[in-house]
Amino acid sequence: MAYIALSEAEKTFILHGVEEDFRCDGRSRRDYRPMELETGLVSNASGSARLRLANTDILVGVKTEIDVPNPLTPEFGKLEFFVDCSANATPEFEGRGGSDLAQELILSLQNAYESPFAFDYRTLCLIPGQQCWKLYIDILILECGGNLHDAVSLAAKAALFNTKLPRVTATLMDAGITDLIISDNPYDCTRIGIDAVPLLVTVCKIGDFCLVDPSAEEEVCSTVSMVVSVSMRNNEAYLAGTHLTGGGSMHRDTMLSSIQLGVSIGEQLNSLLVKMLKAEQERVGPKRPKTVGFLK
């Protein structure tokens, strides 16, 4: 994350605001900053989304290709994450300055998506043991304004919702060889189910209190944060995983309250995100044109 120099007086002011449940920007400890979401921005990608959470700006593109399944999981598809920290986000990202942060975000997403209950890899399988879809989720951090884990997971889920997989037809050739025919009709495609795709919620501990969606200044005042992975199953929120960031530690009671807060916020975030995505799809979603005459 970007380093911000704060004086002791500024840190004390932020700490007192958190204690009074009145943060510097007027939010309570459970409130998120304003969020803007757009989908379908990258024309040469199978799916894309751009999310802006206050000063945090994330662009995600999803590309697809046909690959061979892992022999250990012949009925599963593949998913691969890549995070790039743009040097325009902060001067600290120049060169290889953002490699550690990028690797941390990649590991967080891989751990969240690892369980088949969080992401149904079977939907990416074309021919068990022979062919499957492989999704490359490329994440670009355009601006860093705090709370990157949450913003990245929200943008990745929105990009998966926007992803279109061409319809594939399998035909059996001579000698038992299977040939795949990929439709070139942009409207003849399938979608990826995102109902159980997890979201990451960062619960930041400042003083004796925990809060969500920390700004860059609030992250400087915190010594430890818990990243909670929340997945929805049958319209109920489930804990998919947790890990700590920062050099500090948490008491077990604080950890329990942080997990409960993260699961509660994750459920609210998921419902709001799905609502936003459906509204976006109805507003600008592609509609199959009506064909007439010999074009049918």
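The values are calculated or read from the model by the stated rules, or taken from the named source; none is laboratory data. What you are looking at is a predicted structure, and each value in this text was computed from that prediction instead of being measured. No Cβ is skipped: glycine too gets one built from the backbone with ideal geometry, and neighbour counts run over all protein chains shown. Areas reflect the complete protein model, heavy atoms only, side chains present, ligands, DNA and RNA absent. Shrake-Rupley method; radii C 1.70, N 1.55, O 1.52, S 1.80 Å.
The angle between the Cα long axis of helix 99-113 and the longest principal axis of the Cα atoms of the chain comes to about 60 degrees, rounded to the nearest 10. Restricting attention to the chain, the count of lysine pairs at 8 or more positions apart or across chains with alpha carbons under 17 Å apart stands at 16.
Counting only protein heavy atoms and a 1.4 Å probe, the chain has 53 square angstrom of accessible area per residue.
Can you tell me the length gained on complete extension of the stretch Thr190 to Gln260, counting 0.36 nm per residue apart and subtracting the Cα distance?
Numbers: separation 70, 0.36 × 70 = 25.20 nm, distance 3.55 nm.
Computed gain between Thr190 and Gln260 is 21.7 nm.
Shape annotation for the chain: C-alpha extents along the principal axes are 75, 44, 43 Å, from largest to smallest.
With a Förster radius of 51 Å, plug the Cβ-Cβ distance of Ala170 and Glu94 into 1/(1 + (r/R0)^6) and report the FRET value to the nearest 0.05. Approximately 0.60, to the nearest 0.05.
The calculated P(r) of segment 101-252, using every Cα pair and 5 Å bins from 0, goes 2, 8, 15, 17, 15, 13, 10, 7, 5, 4, 2, 1, 1, 0 in percent. If I model segment 148-202 as equal point scatterers sitting on the Cα atoms and use the Debye formula, what is log10 I(q)/I(0) at q = 0.21 Å⁻¹? For segment 148-202 at q = 0.21 Å⁻¹, log10 I(q)/I(0) is -0.80.
What does the net charge come to around Asp67 if you take all other residues with beta carbon closer than 11 Å to its beta carbon, with K and R at +1 and D and E at -1?
Summing Lys/Arg as +1 and Asp/Glu as -1 gives 0.
What the Cα convex hull of segment 71-120 gives, in volume per residue, is 94 Å³. FRET efficiency for the Glu282 to Leu142 pair, using the beta carbon distance and R₀ = 22 Å, is estimated at 0.25.
Please give, to one decimal in nm, the separation of the simple spin-label points placed at Ala5 and Gln103, each 7 Å out from Cα toward the Cβ. About 2.9 nm separates the two model spin labels. For segment 31-73, the square roots a ≥ b ≥ c of the C-alpha gyration tensor eigenvalues yield an a/c of 1.5 or more together with a/b not exceeding b/c, which makes the shape oblate. Remark: relative contact order (segment 176-241) = 29 percent; criterion is Cα-Cα distance under 8 angstrom and separation of 6 or more residues.
Rolling a 1.4 Å probe over the protein heavy atoms of segment 108-213, with every protein chain left in place, gives an accessible area that is 52 percent carbon and sulfur.
On full extension of the chain, what length is gained from Asp21 through Arg122, given 0.36 nm per residue of separation minus the C-alpha to C-alpha distance?
Numbers: separation 101, 0.36 × 101 = 36.36 nm, distance 4.46 nm.
Net length gain for the segment: 31.9 nm.
In percent, what relative contact order does the chain have, based on Cα pairs under 8 Å that are 6 or more apart in sequence? Relative CO of the chain lands at 18 percent. Note on Gln268 and Ile66: the extension gain reaches 69.2 nm, defined as 0.36 nm multiplied by sequence separation minus the Cα-Cα distance.
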